[in-house]
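The values are calculated or read from the model by the stated rules, or taken from the named source; none is laboratory data. Fair warning: this is a prediction, and the values are worked out from it, not measured in the lab. We place every Cβ from the backbone using ideal geometry, glycine too, and count neighbours over all the protein chains shown.
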């Protein structure tokens, strides 16, 4: 994903504390051509996996998950950060946000995540792995199975990917950031 790496170096902004801001092309304003390329690459990388549903967490994971779902003609479901009054058969878990430095509950209806589902999870960032672990908890509560996890950007220096890989989770990250020390973006 040379196009993605180029955009991170060109338009990404680094802030103290290990924060990489990519809001001009991934998670606030989106580049649809880049997002399509990201979807195509995830489809290629997970071609040998058996899954029937794409899952993400609102909000920044929705666009790449939709692209994957569209390309594979599969349903996409996302965990919500606020429980709608109309949600039935809800399961929930608590996730700590690295960027926002707070905990929040995420929920999903068992109507859309069932025991027979094999799930591919897609998200924008993998840092400490808190959101990914929360999603794994939701998948396990539903009795479904995790087929793999795809991330647009992995911040390797925060070791969430290492922990997930040690658990046997198939991870595919399109761009891996080795360091943001001194606000210099170092891509593997």
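Data for the structure
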read-out	value
Residue 4 within 13 Å of residue 150 (Cβ to Cβ) and either at pLDDT 95 or above or in contact with a strand residue (DSSP E or B) (Cβ under 8 Å, 6 or more places away or on another chain) (or both)	yes
Residue selected from region 166-188 under the condition touching a strand residue (DSSP E or B) at 6+ places or on another chain (Cβ under 8 Å) and outside any strand (DSSP E or B), by the criterion surrounded by the most Cβ atoms within 10 Å (Cβ to Cβ)	180
Test for residue 65: is it in contact with a strand residue (DSSP E or B) (Cβ under 7 Å, 6 or more places away or on another chain) and either under 30 Å from residue 180 (Cβ atoms) or touching a residue at least 12 places away in the same chain (Cβ under 8 Å) (or both)	yes
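Yes/no per residue for (1) in contact with a helix residue (DSSP H, G or I) (Cβ under 6 Å, 6 or more places away or on another chain); (2) loosely packed, with under 14 Cβ neighbours inside 10 Å; (3) assigned to a loop (DSSP other than H, G, I, E, B):
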| position | (1), (2), (3) |
| --- | --- |
| 95 | yes, no, no |
| 111 | no, yes, yes |
| 116 | no, yes, yes |
| 121 | yes, no, no |
| 125 | no, no, no |
| 128 | yes, no, yes |
| 140 | no, yes, no |
| 146 | yes, no, no |
